[in-house]
1. State whether one or more residues within segment 59-68 are of a type in the set (A, V, I, L, M, F, W, C), over 19 Å from LEU300 (Cβ atoms) and loosely packed, with under 14 Cβ neighbours inside 10 Å.
2. Only one of SER345, SER385 is in contact (Cβ under 8 Å) with a residue 24 or more places away in the chain and farther than 22 Å from ILE163 by Cα. Can you tell me which?
3. For the condition in contact with a helix residue (DSSP H, G or I) (Cβ under 8 Å, 6 or more places away or on another chain), modelled with pLDDT under 95 and of a type in the set (S, T, N, Q), what is the one hit in GLN109, GLN115?
4. When only residues in segment 201-254 that are among the hydroxyl-bearing types (Ser, Thr, Tyr) and in contact (Cβ under 8 Å) with a residue 60 or more places away in the chain count, which is surrounded by the fewest Cβ atoms within 10 Å (Cβ to Cβ)?
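The values are calculated or read from the model by the stated rules, or taken from the named source; none is laboratory data. In this text the structure is predicted, and so the values were computed from the model without any measurement. Note: ideal-geometry Cβ built from the backbone for every residue, glycine included; neighbour counts use all protein chains shown.
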Amino acid sequence: MTKKQTEKRYIITFTDSTTDQNSAAEILDIAQDTIQDGVSLLATDAVLTPTDVLHFEGLGAASLTLSATDVDRYKNDKRVLAVEEDLEMHFLHDESEPWQKNPFIDASQQDLLAQSYQRGYQQGISDFYQKILADAKTLHGSAATSASATSLIPPIIFTSQPIPWNINLVNAPQAWARGYRGNGVKVAVLDTGIAAHADLVISGGVSFVPGVVSSNDGHGHGTHCAGVIGARNNTIGVVGVAPMASLYAVKVLSDAGSGQTSWILAGMAWARQNGMNVISMSLGSPSCQSVAYTNAIAQLNAAGVTVVCAAGNSGGTTFPCVGSPANSLGTIAVAAVDANKVKASFSSSGTTCCPPGANPVSISAPGVSINSTVPGGYKLMSGTSMACPHVAGAAALVKQRFPTFTPAQIKAKLMATATDLGTPGNDPSYGAGLVNCNLATL
């Protein structure tokens, strides 16, 4: 086998997290003009080549192609903390749950579902309108006309937003009633991007998928997660946990639903550089802690960025534990429950798969049959991918309520106010329990 065939792309994490681009070139023993800013390069339409060396400013990490000999050399350098393969990550949407086999909710029936949903809502409005007309005739006599009756109806009747069961389950409306809707809080959705949608307002976007400039979502997963976080409180569709939060589309996964760790690190570096308050990461792999992620998350936390991650969909497998990057300390790892507050069978839990020190499940949120935004409409999806954005939205509400809170304080607040589930106290399956937006914002 030739040397070229044995080469792979790796992530090098430097011992000094403040290592800049020139210092990184010195440690790697390469010319300074051969190392590039990873955020800038991946945000272009350039296709990544094996010779490209990327540096992620502020995270103390670099990405480059190495031979086995190079790996050994860098591992023995005291200026290098770790050398790890640039692993592939995947979105954590579960496709094995029984509801997926329901023929009424098959992909070919999505239009029928949307039409049924809209008909039910419109019928409710029509019934209420007829009641107003009947009451008006009773009060003003048979001479009352539809026109005069209509003048008695407050406009708000026609701007009522149907509240999805999952949003009610986490007590978000109670927080809204006290003025906490995520106003002024920046939330970056690191995912497949976010598609333009009538129920979403996208404040900005960037793509770190090599060769792809647009942050548009060609799959639907990122748009679905964005809707759970911040679908607007209007007259259509659904509403998110933090409907006034500012959503940013950070495309780190391809439209096929996968992406390299280096792409995700670029998204994390961008979030740090652009003043995001919260990042939502419904992605991962069934693997133990990554030094690169752990170090990057520590840098984000230090910069005031709360990192929320899906715990993983490995329940019942040979790796049933919290996956990477959720198992890195500093994250809020989110498990999934159904409408009955029972842990989903796919939801990862526990820490025994990995060495001591792995981050366990922190908290739980709805993640089974969640209706949310997708390109061109709405769709039911399940997974810890769907649970994660509920907590990201809750973190945005807490950040608005307590603007000086650090990420550690936001995590502690969410866990301390969660509704206990499962074994009394903090447990491996549910963490602190079901996220409670109302109590978290008191």
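1. yes
2. So the residue among SER345, SER385 that is in contact (Cβ under 8 Å) with a residue 24 or more places away in the chain and farther than 22 Å from ILE163 by Cα is SER345.
3. None of the other options fit; the residue is GLN109.
4. Selected residue: THR235.
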